1. Just to be sure before I move on: is B:Leu103 in contact (Cβ under 8 Å) with a residue 12 or more places away in the chain, over 17 Å from the mean Cα position of the chain (by Cα) and crowded, with 24+ Cβ neighbours inside 10 Å in the structure I sent?
2. Count, please, the residues in the range B:30-53 that happen to be aliphatic (A, V, I, L, M), closer than 22 Å to B:His195 by Cβ and either outside any helix (DSSP H, G or I) or within 14 Å of another protein chain (Cβ to nearest Cβ) (or both).
3. Restricting to the range A:117-132, name every residue that is outside any loop (DSSP other than H, G, I, E, B) and within 8 Å of chain B (Cβ to nearest Cβ).
4. In the range B:13-47, what count of residues is obtained for those that are polar (S, T, N, Q) and buried (at least 20 other Cβ atoms within 10 Å of the Cβ)?
5. Take the residues of the range A:237-258 that are of a type outside the set (A, V, I, L, M, F, W, C) and closer than 15 Å to A:Val199 by Cα: which is surrounded by the most Cβ atoms within 10 Å (Cβ to Cβ)?
6. Do you know which of the residues in the range A:142-171 that are assigned to a helix (DSSP H, G or I) and away from every other protein chain (no Cβ under 14 Å) is nearest to the chain's Cα centre (by Cα)?
7. Where the second residue is in a loop (DSSP other than H, G, I, E, B) and among the basic types (Lys, Arg) and the first is closer than 17 Å to B:Thr110 by Cβ and more than 9 Å from chain A (Cβ to nearest Cβ) and lies in the range B:12-29, which pairs have Cβ atoms under 9 Å and are six or more apart or on separate chains?
8. Is it the case that some residue within the range B:54-64 is in a helix (DSSP H, G or I), buried (at least 16 other Cβ atoms within 10 Å of the Cβ), within 11 Å of another protein chain (Cβ to nearest Cβ) and not hydroxyl-bearing (Ser, Thr, Tyr)?
Protein chains: 2
Amino acid sequence: MPSYTELIDYRLSELIPDSNEILPQAMHYALFGGGKRLRPQLVLSTAQVLGTQLKDALDPACAIEMIHTYSLIHDDLPCMDNDDFRRGRPTVHRAFPEAIAVLAGDALLTEAFRVISIAENLSDRQIIRLTNCLAKRIGKEGMVGGQAIDILSLGQTMPQELLIIMDQKKTGDLFSCSLEFGAIIANASPLIEKHLRQVGLHLGLAYQIRDDLEDSSISSIPQKTGAKPSIVGILGIEAAKKIMKQSFDAIQHHLSFLPENADPINGLIKPYLNT
Amino acid sequence: MPSYTELIDYRLSELIPDSNEILPQAMHYALFGGGKRLRPQLVLSTAQVLGTQLKDALDPACAIEMIHTYSLIHDDLPCMDNDDFRRGRPTVHRAFPEAIAVLAGDALLTEAFRVISIAENLSDRQIIRLTNCLAKRIGKEGMVGGQAIDILSLGQTMPQELLIIMDQKKTGDLFSCSLEFGAIIANASPLIEKHLRQVGLHLGLAYQIRDDLEDSSISSIPQKTGAKPSIVGILGIEAAKKIMKQSFDAIQHHLSFLPENADPINGLIKPYLNT
């Protein structure tokens, strides 16, 4: 039996094969950059825990990875985080012309919706619910909204509540969406979907704090001028670790409402929650 | 009875109201920049000619205008066409931080799919067909694919066939999509949909040639180094006008297959086809 990541990588390479044409080549380059596939694995794991066959969840899972990849391409752009490297390789706008990086992001975002629209073995209503859930979680009220708060916060301080909202939107909403995808594919109850949404938001927060903790330059200089505010930078390491622990407990609480044993989901996220 | 553009403007201002928050503010700024609303008017007109109520077509029409607007924001970026002004106003990345312009484009693209997913009075199958049609027409095989050809062609020459394909993708596919939206909303036959797709592709070509003809700097210096190749620049004004005339004839041919009088559709596009 192939692993989740093998299934995801294989299907992604069918959906966006390498190419001699520069646009699909840039999309492929970005998709196969050594990512851990955490988000699509969460789709597969949640769908399976809730009693659905893996194959029904695979294309929606790949759509989620396309969205994650598009967001990284655009985040790395010179006008955003201006990163030259990601996971040891040149970022897309360094390996390709910058305009192609913008377009590769746009095309991956669009392709995610196309892939969902032709997902097999799902009802029309399920496909529409996936489409609507994705658009809500990654749009102006979700991931992109969080990115905008992040961009504008440069060199500013921020109250704790806004820091949490920023992380929940920027990082939590796509985790939420991944878990909600599992619920929609498995036709789980609205209550289960709500608990999974909370798991995703808390996971996003904990994941972002872990990221910030790893960035020692931020943690050692709590309020560096010109740096982006973070929970670690503004509240300090101890307070951040406390919020992370609370998030972890909240995740366990919300997962306990699942009708089946949530160990497979926990197994995926636990490595990211150990400080 | 309000005009098409009044209906569209009113509904767009409900969907993306002005705001004190910078991201929705940038989206609103871009959407209300004096555009002619040709594409959403084509959705309304086609749906009405094919026998559907206007109100069922309004939200999908607004989604098309959001897509057109997102494509203009990203096209204007410094790494793309680097335009400081559009219709006499500063472009979005001049009126707002450049990162916010990228995100406003991303958010409008995403919002278009959200709006379609909750369109009223349409069947689930119609909503999925709209979603799939949009994703195909504006993605790597369509509009964004055409943009990539355009970007890479800077300073190059190009065979006539590729010039035509570029214009059909870059400009024609979103016109196609607008007309196909009308057909899907009206539950027209697959044959009608195919003819409307051809109308859109020919309209895109003619529209692009008209644009190029208006840009005298291109038409007077047919193969300026560093300029983007265009049908006018490479084939010359007379040959371009001939292709435009052929496109116009093809449009009339394909419109003649509509079961009803296509005058309202023709009325919208004719002003753009007179040379």
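The values are calculated or read from the model by the stated rules, or taken from the named source; none is laboratory data. All values derive from a computational prediction rather than experimental measurement. Methodologically, a virtual Cβ is constructed for each residue, glycine included, from the backbone with ideal geometry; neighbour enumeration extends over all protein chains shown.
1. Yes: the conditions hold for B:Leu103.
2. So the count comes out to 1.
3. A:Ser117, A:Asp124, A:Arg125, A:Ile127, A:Ile128, A:Thr131, A:Asn132
4. 3
5. A:Ser247
6. Checked the range A:142-171; the qualifying residue nearest to the chain's Cα centre (by Cα) is A:Thr171.
7. B:Leu12/B:Arg37
8. Yes; the residues of the range B:54-64 include at least one that is in a helix (DSSP H, G or I), buried (at least 16 other Cβ atoms within 10 Å of the Cβ), within 11 Å of another protein chain (Cβ to nearest Cβ) and not hydroxyl-bearing (Ser, Thr, Tyr).
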